[in-house]
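**Q** I have a structure here, written as structure tokens, and I will follow up with some questions on it.
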Protein chains: 6
Amino acid sequence: MSAAMTPLSAETLERLRLASTATLCTQLFKRGLRNVFLQGVARLTHAGANLVGPAYTLRNIPSREDLDQLDVLGDPEHPQRKSIETVPPGHVLVIDCRGERGAACAGNILITRLMVRGVAGLVADGPVRDSAEIAQMDIPVYCAGGSAPLNLVKHHAADANVPIGCGGVAVYPGDVMVGDAEGVVAIPRSLADEVARDAAEQESLEAFVLERIAGGAALPGTYPPNAATRSAFEIWRKQKRS
Amino acid sequence: MSAAMTPLSAETLERLRLASTATLCTQLFKRGLRNVFLQGVARLTHAGANLVGPAYTLRNIPSREDLDQLDVLGDPEHPQRKSIETVPPGHVLVIDCRGERGAACAGNILITRLMVRGVAGLVADGPVRDSAEIAQMDIPVYCAGGSAPLNLVKHHAADANVPIGCGGVAVYPGDVMVGDAEGVVAIPRSLADEVARDAAEQESLEAFVLERIAGGAALPGTYPPNAATRSAFEIWRKQKRS
Amino acid sequence: MSAAMTPLSAETLERLRLASTATLCTQLFKRGLRNVFLQGVARLTHAGANLVGPAYTLRNIPSREDLDQLDVLGDPEHPQRKSIETVPPGHVLVIDCRGERGAACAGNILITRLMVRGVAGLVADGPVRDSAEIAQMDIPVYCAGGSAPLNLVKHHAADANVPIGCGGVAVYPGDVMVGDAEGVVAIPRSLADEVARDAAEQESLEAFVLERIAGGAALPGTYPPNAATRSAFEIWRKQKRS
Amino acid sequence: MSAAMTPLSAETLERLRLASTATLCTQLFKRGLRNVFLQGVARLTHAGANLVGPAYTLRNIPSREDLDQLDVLGDPEHPQRKSIETVPPGHVLVIDCRGERGAACAGNILITRLMVRGVAGLVADGPVRDSAEIAQMDIPVYCAGGSAPLNLVKHHAADANVPIGCGGVAVYPGDVMVGDAEGVVAIPRSLADEVARDAAEQESLEAFVLERIAGGAALPGTYPPNAATRSAFEIWRKQKRS
Amino acid sequence: MSAAMTPLSAETLERLRLASTATLCTQLFKRGLRNVFLQGVARLTHAGANLVGPAYTLRNIPSREDLDQLDVLGDPEHPQRKSIETVPPGHVLVIDCRGERGAACAGNILITRLMVRGVAGLVADGPVRDSAEIAQMDIPVYCAGGSAPLNLVKHHAADANVPIGCGGVAVYPGDVMVGDAEGVVAIPRSLADEVARDAAEQESLEAFVLERIAGGAALPGTYPPNAATRSAFEIWRKQKRS
Amino acid sequence: MSAAMTPLSAETLERLRLASTATLCTQLFKRGLRNVFLQGVARLTHAGANLVGPAYTLRNIPSREDLDQLDVLGDPEHPQRKSIETVPPGHVLVIDCRGERGAACAGNILITRLMVRGVAGLVADGPVRDSAEIAQMDIPVYCAGGSAPLNLVKHHAADANVPIGCGGVAVYPGDVMVGDAEGVVAIPRSLADEVARDAAEQESLEAFVLERIAGGAALPGTYPPNAATRSAFEIWRKQKRS
């Protein structure tokens, strides 16, 4: 098993469930990564815990009328259908729709199957169909809203578990997808542990800063914090823990 | 009366009220129609029964400062105002806004008038104004959200009840507009009966398939259904009906 | 103090709080102003009274990797941070994001500071981060939704309180920003009093018209109102006031 | 014959052939018209005299697979084919393509027919096919470049000689279309004579101004000209004419 | 060797070299294929014979700062560099750039290598760099113009010879790419022979039709041709051949 | 005089005149700058030596009908007109048009004035008017093509010589603008000398590499060059110089 595929530690998973995508973007920015937040991808399902899981990908190319008729969907090897059955439980199915909004990449039956199989969630830079029903489901779905036409109108499912682009961001199989109310960030697998750790630290500090600002403190010295604020934070943190 | 203008049968109307736009798109795709779902048009009003009705159209072109001043709206022959008064009850007013989002095509007074007149609904590929009030009204309105500028800023109402484009889709007077939470599909008048019939059949089958998938069935053989699944469906259906 | 900076009268403020942006756009259209409603800017926070206040501006240009690293935010003279501290209470901070959706222009800490300082609200043609938290705050925020990446990914804060473009509209310091559920209109400071006065009058008339239309009146003669309708309105208004 | 359809005078035609679209836009701006230059429409054919002529329009809506198959083109009443035969000699065929770049609105056979018939030119906000051949023809063609797919892929020709939008500008039958190397302006028929006259005057003045600027004069006082420059212009003009 | 990879016959190659992309689009439209012409892809190099050859593909995804630094280009296995060395002579390298215009997909050194190796041409839905030099080269290059930034700014070369999208069109390895002055069409490999044959026939007929139209014939009966015109064509063709 | 404003050395100027924007982008990429090439900005004027010079900026915001009428252009303090007179000889006037294509930012009279004054060139992310005449002028102009409407239709000139965005790139007064046939790159003033030096070195090496590739060398070991190729280059260079 390659390093990229080592299961994420329980600690990292827990930290990422509590982190905001804003904080994660800042941590990745500190490491020189500026393009990690998926554009045009929003949470469809009702709020809950963060989406967290390694990426399993599906790649679409434009459809062609002679190849992409309804009967292809009956083939168990059709990459869209097969990916639904093979994405490992706990993983996130990430679909490259080329940002195309004119057709859905999945509907309520396929997403129900993902949910039953224990898949962590779905991320796509295109819409789903049956979006009102899906919005009520108990599996996080991030996409470009709802659209009624079936995938074959625009998409040919080409292959699965290859590097893709989604929402303008590179997604490699095994990258850690994290979603909150803001949207979805793709964390390179190799950085997941350290980013999760530092994000937790940053969020703790920012909770303190926010308390100060809400209490009337001005920005200078407080945000970003100077040495005095950092000292106050350490005291505050100890008190909170005790 | 031309065939296109024969009133829709009560059976077809009822079937379309229960069908989803996703299913209707699939039925039209089976008949070779790939571009039937309006892009950039979303439900503004709160959920209820599907919008269903034949299209009555209004066509806008870009406005011109010397022609499109406020006084033109006082002319009862102004096509926008006249269309509000002449769209037949039970029909859907479909407005071609060229996808322009910088001005509204109607506001709460005009839409109230449509509602009072018994019009089935409004579909436009541009925004409305007074959108918060309209969202609460008891008439389905599908549009490109809300925008405060009046129509004259961008639109000159040119004529009514001619073939138009709306949301990138051809809409002919008499085409059957169906809207649900996903958006709006335009069904050619000549196909309405058979599409309604087959959509009802498809939805019944998919309800069964969904039940199976929710119960743990894998996709192969279930979705799309093979002969065994179809047999099980027939039994299930008979039981449901009895 | 220049004329533009004379505080708005209490009467004008009150009228603007009650006016809709639709009505304000119509009043400005009557005066030859067609481009006053900000495109791509929507209310993020929950409904309440209208946003009203004079504009204080912040201007962003594209960021550059060598200049826009995290440490710049610690400088109290950094224009973004400084503008948060210097926008006068009762004013609206209006941020030029060039319509860029790939980075946030502010987050919950900065917006909390604006709220604590008594700033009237925030308007930006780019997203904010921590959008779910901000949506619950008690300060009106109008923006292009939520996005997790920090401002430095796309923006360099260049200067404050200069004329800017926001949502495709010119905004001069002191212009009166008014926001309702539809969005935001920028009223030139010199026109604020007369526009507020005439908007109040128009809204009163339209309330009457709406009542008539809801009661079954046809558009001709009612909307726009002819002499008879205007007379009826005057009587109605007197009765309402008495 | 309505006033709009009175033939243009030889004097106006000649003036418009010599005017630049830049000057014409300025003259229309002086009269309050800001949206008269077609966006996304460029000269395809090699330079020559200006395109000048009254508009005859053709309107396209999105195509539909069941209606828009090749056999429809054999019907002499098909609006695209019929418009080619009915646009009067000396007029300009203006085609509304909704800015769609994915299909051509005409090819070399149709445009040869226009040329043989003495039509003044073609203007479209979509591409043509056979663009390399057309670029060499002796009839001015302004369009959105070249694209190989036939019109039926995207367009259904709906009707002719109705008001349309083209390049985001309103074009009414009889409006005067003028094209130079920059592109195309639509002049309302009722303003054509005065705009042509004032444009000639403006161009004469600007030729003088340009001479001065090329000779080293600074902008202040020269452009726009003050009284002294205007006096010098009058002398210069008399000398040129004598 | 799969059928798709059987070399194209000399006859088909020759016919495609003489066919226009317009004619090829019409032939494919007759067979139900509407989306075969690449959008946003134009000929950069000076005119010559048509580009014709089977596709060999290269797929890009968005770049990531930690993976896509200059040193990767020194690896002979880097997919971009390797594809330049492995695309078979006589084939066309087709690059999926996701329509991204902010970085080049190749420059004059790589394209010189393609030329030296006998590759038939390059097609990309993104720009090249050194575009002025490349425009003078003796190998057909179709792309989205020129842009100076190197590929790594936007692209990570992911893999080669897989199905891709290019210019919004599906391109499978072995599909026949044909380019003329208008742009590029992708012909499914299985249809190449029959499309080439029927295109030659169509072009012959249209040459005759054009001659007639240029000679003053009206469209009805001539274009499309009725039985009489077709008879006249057959005589004309025999005379031409004799 | 600040460091940024020290005149560029003759050596740096000469090197930049000979460098391609492609090479300059690569040098800046090596230093971590990925967004330095202006998007949507192309050379309008006929080829010649590279454009090279420090930036002097002009900033536009959206126009407003009450402020931006023709008479404002007569004011010598109007920022557009004043900038034409104050940009120092040898500098490049860089205009922020917000990417707006619907109005020109300058015409032949203003650009003639720039030429007479010895200004190095004009760069704008919007069109010019009188573009055919300007294309023939002896001053490099880079812009978004031609468009006839005057600036006031869309632009209000706000101020000059402030940091701006142009073509999506940050441009600070004094930054070194370099343009070739590909387009324009903005080099931070502080990096100009080292980038110019390393670009010259890179271009020399690439000339050698291109010679090798044209002679039949394969990419591996040649491009990028390995140690052997670099040694051969050093010999080649010495021979060339002697």
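The values are calculated or read from the model by the stated rules, or taken from the named source; none is laboratory data. What you see is a predicted model; the values in this text were computed from it and never measured. Don't worry about glycine lacking a Cβ; one is built from the backbone with ideal geometry, like all the others, and counts go over all protein chains shown.
**Q** Could you please find all residues in the range C:186-197 being closer than 11 Å to C:L28 by Cβ and either assigned to a loop (DSSP other than H, G, I, E, B) or away from chain B (no Cβ under 14 Å) (or both)?
**A** If the condition is that a residue be closer than 11 Å to C:L28 by Cβ and either assigned to a loop (DSSP other than H, G, I, E, B) or away from chain B (no Cβ under 14 Å) (or both), then C:P188, C:L191, C:A192, C:E194 are the ones that fit.
**Q** Let me ask something else about it. Output the helices (runs of 4 or more DSSP H) that fall wholly within the range F:1-120 and possess 3 or more residues being at pLDDT 95 or above, away from every other protein chain (no Cβ under 12 Å) and surrounded by fewer than 15 Cβ atoms within 10 Å (Cβ to Cβ), or say none.
**A** Passing ranges, in order: F:10-18.
**Q** Across the range B:198-242, what is the number of residues that are within 10 Å of chain A (Cβ to nearest Cβ) and of a type in the set (F, W, Y)?
**A** Within the range B:198-242, residues that are within 10 Å of chain A (Cβ to nearest Cβ) and of a type in the set (F, W, Y) number 1.
**Q** Please go through the range B:203-229 and give me each residue that is among the hydroxyl-bearing types (S, T, Y) and part of a helix (DSSP H, G or I), ordered by number.
**A** Going through the range B:203-229, the residues among the hydroxyl-bearing types (S, T, Y) turn out to be B:204, B:222-223, B:229.
Result: B:S204, B:T229.
**Q** Within the bounds of the range E:224-232, is there any residue that is among the basic types (K, R), buried (at least 19 other Cβ atoms within 10 Å of the Cβ) and either under 30 Å from D:V119 (Cβ atoms) or without any contact (Cβ under 8 Å) to a residue 24 or more places away in the chain (or both)?
**A** no
**Q** For the range C:123-138, what are the residues that are buried (at least 20 other Cβ atoms within 10 Å of the Cβ), small (G, A, S) and within 14 Å of chain A (Cβ to nearest Cβ)?
**A** C:G126, C:S131 - these are the residues of the range C:123-138 that are buried (at least 20 other Cβ atoms within 10 Å of the Cβ), small (G, A, S) and within 14 Å of chain A (Cβ to nearest Cβ).
**Q** (1) of a type in the set (A, V, I, L, M, F, W, C); (2) within 15 Å of the chain's Cα centre (by Cα); (3) surrounded by fewer than 22 Cβ atoms within 10 Å (Cβ to Cβ): which one isn't true of B:V162, the others all being true?
**A** Here B:V162 meets the rest and fails (2).
**Q** All but one of (1) within 24 Å of D:G167 (Cα to Cα); (2) touching a helix residue (DSSP H, G or I) at 6+ places or on another chain (Cβ under 9 Å); (3) small (G, A, S) hold for D:G74; state the number of the condition that does not hold.
**A** Failing condition for D:G74: (1).
**Q** Any idea which of (1) part of a helix (DSSP H, G or I); (2) farther than 17 Å from E:A22 by Cα is the one E:A200 doesn't satisfy?
**A** (2)
**Q** Working only within the range E:164-185, note down all residues that are part of a strand (DSSP E or B), within 14 Å of chain D (Cβ to nearest Cβ) and hydrophobic (A, V, I, L, M, F, W, C). Walk me through it before giving the result.
**A** Going residue by residue through the range E:164-185, those that are part of a strand (DSSP E or B) are E:164-166, E:169-171, E:176-179, E:184-185.
Then keep just the ones that are within 14 Å of chain D (Cβ to nearest Cβ); that gives E:169, E:177-179, E:184-185.
Residues satisfying the conditions are E:V169, E:M177, E:V178, E:V184, E:V185.
**Q** If we scan the range E:139-149, do we find a residue that is touching a residue at least 40 places away in the same chain (Cβ under 8 Å), within 14 Å of chain F (Cβ to nearest Cβ) and part of a helix (DSSP H, G or I)?
**A** No: zero hits.
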